[in-house]
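Enquirer: Quick one: this structure, given as structure tokens, is what I'll be asking you about.
Throughout, read-outs are computed from the coordinates displayed, never taken from laboratory work. Keep in mind that this is a model prediction, so the values were computed, not measured. We place every Cβ from the backbone using ideal geometry, glycine too, and count neighbours over all the protein chains shown.
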Amino acid sequence: MHEDGSDLHLGTLRKPAVRINGELIVLVNEAVLKAEDMMGILSMLVSPERIKIFLEKKEMDFAYSFKGTTHLRGNAFFQRGQVCIALRLIPKAKSLSELNLPSILEKFAQSKQGFFLVVGPVGQGKSTTLSTMVNLINTQRSAHIVTVEDPIEFVYNAERSIIDQREVGVDTDDFVGALKATLREDANVILIGEMRDPETISAAVTAAETGHLVLSTLHTNNAAQTIDRIIDSFDPQQQDQIRVQLAGSLLGIFSQRLIPRIAGGRVPAYELLINNSAVANIIREKRTHEINTVIETSSEQGMIDMNRSLLELVQRGEISIESAYQYSTNPKALERML
């Protein structure tokens with residue numbers, strides 16, 4: 001893959017394209033891919049059994065490892081009857097400082113139990129942040145870490161911890177079954193690749209309540225929206241119970257965006273909600289709309305406001321004011337700060 005490239009797009013009857021620092025670039029010097037090329041590439045990436053399932057189901061997530069050093073996450077799908085493949089390069093595990101992430105995340109990685117979420121739109125580095133937290137645990141303490149992923153992304157080398165990585169569709173039938181099984185597998189830390197349905201969320205919250213550190217992701221924009229999304233995914237008669245469970249088990253919600261850097265590349269801006277007694281009351285009492293204000297006024301407790309994070313990047317000359325406005329979830333408040 002091209003230097004600094006994050007994704008490779010392959011499709012029948014078109015030239016390959018790569019995403020570099022967020023921008024999609026067509027490789028004009030490469031040949032147009034034919035249908036047989038695409039099936040040939042797919043057969044190099046997955047087993048004949050998986051291809052058979054793909055042809056039946058019309059889409060498939062998969063992981064591919066090259067010489068044990070390069071790891072790719074892939075999705076194969078059909079468009080207008082033709083095969084396409086999107087491949088994402090899984091970056092090597094880095095430290096929080098290398099990723100320009102706040103050191104407070106280490107505190108959450110050291111927690112013995114509770115529920116910690118990393119949220120944001122697709123392609124904003126959520127998986128990378130979680131993998132860094134898992135690696136911190138792996139290097140700092142003896143724990144049994146179980147990951148449930150679809151597909152497996154980062155491959156960990158066990159250091160002080162035991163790490164079992166289970167792939168949905170390969171090692172287990174589904175997220176819920178795998179999560180229930182972790183409760184009998186003497187796990188300390190559970191990483192859930194993505195929470196896609198109420199059953200998975202419910203199993204995750206229960207695991208967090210019963211003495212596990214549970215790490216996961218959601219495709220939501222900020223902490224307030226994340227709490228609403230979790231609660232709204234349940235039937236109305238179950239919502240009060242999940243509010244109480246969430247208020248009791250939540251450690252924090254970290255929301256991140258990768259912003260184009262003036263000097264090239266991308267740099268993260270972020271928001272951090274830390275669950276304290278005030279936040280727990282807000283969750284229990286259906287006052288989620290107050291969460292943004294709590295984050296803005298609780299920086300001395302370690303909470304981080306997205307606009308303040310963007311403002312600091314502007315002041316340091318890392319990003320443009322235009323980019324700050326574009327990525328802000330509350331541009332009017334940002335304008336007042338500027």
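Enquirer: Check cross-link reach from LYS57 to the lysines: straight Cα distance under 22 Å, and skip same-chain residues fewer than eight apart.
Expert: Reachable lysines: LYS34.
Enquirer: Can you tally the net charge around VAL146? Count Lys and Arg as +1, Asp and Glu as -1, for every other residue whose Cβ sits under 14 Å from the Cβ of VAL146.
Expert: So the environment of VAL146 carries a net charge of -3.
Enquirer: Report the charge-dipole magnitude of region 5-90 in Debye, nearest 20, computed about the Cα centre from +1 at each Lys and Arg Cβ and -1 at each Asp and Glu Cβ.
Expert: So the dipole magnitude of region 5-90 works out to roughly 60 debye.
Enquirer: Moving on. Distance check, please: which entries in LYS52/LYS94; LYS94/LYS332; LYS52/LYS112; LYS67/LYS112; LYS58/LYS332; LYS58/LYS126 exceed 32 angstrom between their Cα atoms?
Expert: LYS52/LYS94; LYS94/LYS332; LYS52/LYS112; LYS67/LYS112; LYS58/LYS332
Enquirer: Mind checking the dipole of the chain: about its Cα centre, +1 per Lys or Arg Cβ, -1 per Asp or Glu Cβ, Debye to the nearest 20?
Expert: 420 debye
Enquirer: Short version: ³J(HN,Hα) in whole Hz for each residue of region 236-250, in order, from phi by Karplus 6.51 cos²θ - 1.76 cosθ + 1.60 (θ = phi - 60°), x for Gly and Pro, what are they?
Expert: Per-residue couplings from phi come out as x, 6, 9, 5, 5, 5, 5, 4, 5, 5, 5, 4, x, 9, 5 Hz.
Enquirer: Here are a few candidate values for Rg and Dmax of the Cα atoms in Å: [x] 25.5, 75; [y] 18.9, 60; [z] 20.8, 60. Which one was actually calculated from the structure I just gave you?
Expert: The calculated read-out lines up with [z].
Enquirer: Given the C-alpha atoms of region 5-90, compute the convex hull and give its volume per residue in Å³.
Expert: 102 Å³
Enquirer: Something else about it: Please give the net charge around ASP7, taking every other residue with its beta carbon less than 10 angstrom from that of ASP7, where Lys and Arg add +1 and Asp and Glu add -1.
Expert: +3
Enquirer: Rounded to the nearest 5, what is the percent of antiparallel bridges among the DSSP beta bridges in the chain?
Expert: Percent antiparallel among DSSP bridges in the chain is about 60.
Enquirer: When the helix-only estimate is applied to the chain (DSSP H runs of n ≥ 4, each -39,500 (n - 2.57), divided by the residue count), what is the mean residue ellipticity at 222 nm, nearest 500 deg cm²/dmol?
Expert: One gets -10500 deg cm²/dmol as the mean residue ellipticity at 222 nm.
Enquirer: Over the residues of region 217-338, compute the C-alpha Rg and express it relative to 2.2 N^0.38 Å.
Expert: This ratio for region 217-338 stands at 1.15.
Enquirer: I would also like to ask the following. Please report the spacing between the Cα centers of region 154-208 and region 81-135 in Å, no decimals.
Expert: 16 Å
Enquirer: Okay, moving on. Can you tell which of MET195, ILE295, ALA93 lies farthest toward the positive end of the dipole of the chain, using +1 and -1 charges on the Cβ of basic and acidic side chains (Lys, Arg; Asp, Glu)?
Expert: ALA93
Enquirer: Can I ask one more? Any chance you could run the full-extension gain for ASP171 through ILE104? It's 0.36 nm times the residue separation minus the Cα-Cα distance, nm to one decimal.
Expert: Difference between extended and current length: 20.8 nm.
Enquirer: Let me ask something else about it. Just add up the charged neighbours of ILE137: K/R +1, D/E -1, any other residue whose Cβ is under 11 Å from the Cβ of ILE137.
Expert: +1
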